[in-house]
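First the structure, in the form of structure tokens, and then the observations on it.
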Amino acid sequence: MSTCQPTQTVKPRSRIPLILSLLFIGGAYLLLILYHRQESIKTFSVVFCAIMFEAAPFMLLGSLIGGIIEAFVSRERLNRLIPAGRVLPIFIAAGLGLILPICECAIVPVVRRLCGKGLPPAAAIAYLLGGPAVNPLVAFSTALAYQWDWRIAGLRLLLGYTLAVGIALILQRLLSGKPVLLASITAHPAHNHSCSCCAHTHSHLESATSTSPARLFVRKLYAALTHASEDFLTAGHYLVIGAFIAALAQTYIDREFFTRFSSYPVLPTLLLIALAVLLNLCSETDAFIAASLRNLLPLSSQLAFMLTGPIFDLKLLLMYQQVFTRRTIIALALTILLSVFTVSSIIEMLERYC
């Protein structure tokens, strides 16, 4: 595997997320101490812990696979999987997650590197959108979240693949002749690190080619575990927030409110699309949040939640700025949101009238 030697120093991580996490944990403990005898607190605690214990292993497994791919899979080898052409690379790239499962946090730096090596922008977008949504881990976690209903898992993968291909084809047409990638990517492909965890990880592989195979393997394994731990710790608090909100909704919001709300067309879909953008959940865990609402909101809105999160949220919006131009990001965001809304609306119509 070719090594990368980032020239930029990694900025120290802000302590604000850590402080907020500690305040959140302290407040939760205080809440349990003061109101532990109330039945609603007991219900909330059970629901919250159930979501966390079901979802956390998949987040950890996804982080480990992402770390292994980042350290052991050569980007040149991955790039050779994509043939030349305008349309065929898009269809292939959108399904690469089936053999190389990786979460949305880890895929952005991989795509950035591949773009620097000549991967067509449309194929890069297809892999960026399809990789986190169309992979075995997502299928398995979705089936588990929905009590082994593989129909929902299969429908999610099919729709995720269709959206990845469709959005990539649309943007290829809309942005034809316009700059899609940042100039720095093609001008300086060796500096394509977009997050601190990647820069930190690859620093352990410097001068690795001069070592023995055994030492090289150990260094790569250490790099994979370091990358996986960074991803897990970075995304873990988003899962906590999502589980907290889902537990609150199930415990304290009257189910009749959701029943009345779900009777209106479109509104549940818009609500869960916005929720997916705000929560920044990992694609291996968001199904547990969506499944917790299956008796409150229609399936179409749950699918909208699971289709939006892996391809567009606040975290990804920031990370996309390391790969694409501002024009591309705006077009990508609008196309994603409109496409998910359209697909979910069609499913809602089928639910209501078929």
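The values are calculated or read from the model by the stated rules, or taken from the named source; none is laboratory data. Keep in mind that this is a model prediction, so the values were computed, not measured. Heads up, the Cβs are rebuilt from the backbone with ideal geometry, glycines too, and the neighbour counts pull from every protein chain shown. These area figures cover heavy atoms from the full protein model, side chains too; ligands, DNA and RNA do not enter into them. Shrake-Rupley method; radii C 1.70, N 1.55, O 1.52, S 1.80 Å.
Observations on the structure shown:
- Charged neighbours of Pro265, selected by a Cβ distance under 15 Å, balance to 0 (K, R count +1; D, E count -1).
- Of Ser141, Ala122, Ala106, farthest towards positive along the dipole that unit charges on Lys, Arg, Asp, Glu beta carbons give region 47-179: Ala122
- Here region 263-284 is scanned for amide nitrogen atoms under 15 Å from the site 7 Å beyond the Cα of Tyr353 along Cα-to-Cβ, giving 265-266.
- Among Glu230, Glu70, Glu39, the sequence by solvent-accessible area, most first, with a 1.4 Å probe is Glu39, Glu230, Glu70.
- R0 of 41 Å, Cβ-Cβ distance Arg173-Ile245: FRET efficiency to nearest 0.05: 0.60
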